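One structure below.
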Amino acid sequence: MDHRFLGIPELTDVPRVAVVIDVMRAFTVAAWAFSRGVEKIVLAPTIEEALALKEGNPGWLALKDGAPAAGFDAVNSPALLRSRDFAGRTLVQKTTAGTVGALAVAEAPLVLCASFAVAGPTARYLRSRAAGLPVTFVVTGEEGRADEDLACAQYIGERVADDGVAAAPYLHRARNSRAAAELAAELRAGSHPDDVALCLEVDTFPFAMAARTEDDLTVLRPVVAPEPSSGGR
């Protein structure tokens, strides 16, 4: 399977298969939100549209990057979501990088959104649903240079071929990334001291996350991935 690793500004065509990576923190947050009962996540292009979607759909919740703000129900922090109860709810998510990357490839026939938390299921989903197809990994952070996102993308790419690939070297890169340092130093608003550790947990959840167009919206949902093969991770 051929892989490309591109930043959002480098996307010049619609890929057949796209895997959008945001480790710290959008798609770690999305995975945690699904684990807490969220039914679907609507990816919003702007803060204003996120609020409008919430206002126009009673019962929907909204989440964004940064500090808590009027109209938003949550911030982009996995640690701050892990004790919430979102059973059956729809969450509108707007972030600086992850949601932007997903929307940039929304027309692709297959779009997965991923982080280390769902790395193995994402690799197995690719193996079962996109065997032999070229994969474009969208490295969302720092215009494609964020090492935590690139490390995760490369790790998933390797696990497509070999589910037993060791995570340690990739996690080391992510742990020493600029984003991890900024989170650890509490330089990013709307964060929690446990965020870095949660973002560096591998295969926390058993599902992959697929984005599709529903009623002119880009909607992210958990999808069932094949079980690990005998002897895999």
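Summing Lys and Arg as +1 and Asp and Glu as -1 over all other residues whose Cβ lies under 13 Å from the Cβ of V219 gives a net charge of -1. For the stretch 3-219, the antiparallel share of DSSP beta bridges with both residues in that region comes to about 25%. Of the residues L6, V160, L183, the one whose Cα sits farthest towards the positive end of the charge dipole of the chain is V160 (charges of +1 on Lys and Arg Cβ, -1 on Asp and Glu Cβ, taken about the Cα centre). Largest mean-square fluctuation among D194, D203, D216, in a Gaussian network model of the chain whose springs join Cα atoms under 10 Å apart, belongs to D216.
Taking the chain as the reference, fit the longest principal axis to its C-alpha atoms, fit the long axis of helix 147-161 to the helix C-alpha atoms, and give the angle between the two in degrees, 0 to 90, nearest 10. Long axis of 147-161 versus the principal axis of the chain: about 50 degrees. Applying both filters, DSSP loop and at most 16 other Cβ atoms within 10 Å, to the GluC sites (Glu not before Pro) of the stretch 49-129 gives E107. Per-residue Karplus couplings for the stretch 131-138, computed as 6.51 cos²θ - 1.76 cosθ + 1.60 with θ equal to phi - 60°, are listed in order as 4, x, 8, x, 10, 9, 8, 9 Hz, Gly and Pro entered as x. Between the beta carbons of T96 and E186, assuming R0 = 22 Å, the FRET efficiency works out to 0.80 to the nearest 0.05. A helix-only calculation puts the chain at -9000 deg cm²/dmol for mean residue ellipticity at 222 nm, using -39500 (n - 2.57) for each DSSP H run of at least four residues, averaged over all residues. Note on the chain: GNM, Cα springs under 10 Å; of D73, D147, D13, the largest mean-square fluctuation is that of D13. Taken as Cα centroids, the stretch 115-170 and the stretch 177-213 sit 15 Å apart, rounded to the nearest whole angstrom.
Taking the Cβ of A108 as the centre, find all other residues whose Cβ is under 14 Å away and add up their charges (Lys, Arg: +1; Asp, Glu: -1). That sum, taken over residues with Cβ under 14 Å, equals +2. Other residues with beta-carbon under 12 Å from the beta-carbon of G66 carry, at +1 per Lys or Arg and -1 per Asp or Glu, a net charge of +3. Between the labelled values [x] 46, 41, 39; [y] 48, 37, 32; [z] 46, 40, 35, the entry that holds Cα extents along the principal axes in Å as derived from this structure is [z].
Every number in this text was worked out from the coordinates using simple rules, so none of it is lab data. Nothing here was measured: the structure is a model prediction, and the numbers come from that model. Positions of Cβ are generated from backbone atoms using ideal geometry, with glycine treated the same way; all protein chains shown enter the neighbour counts.
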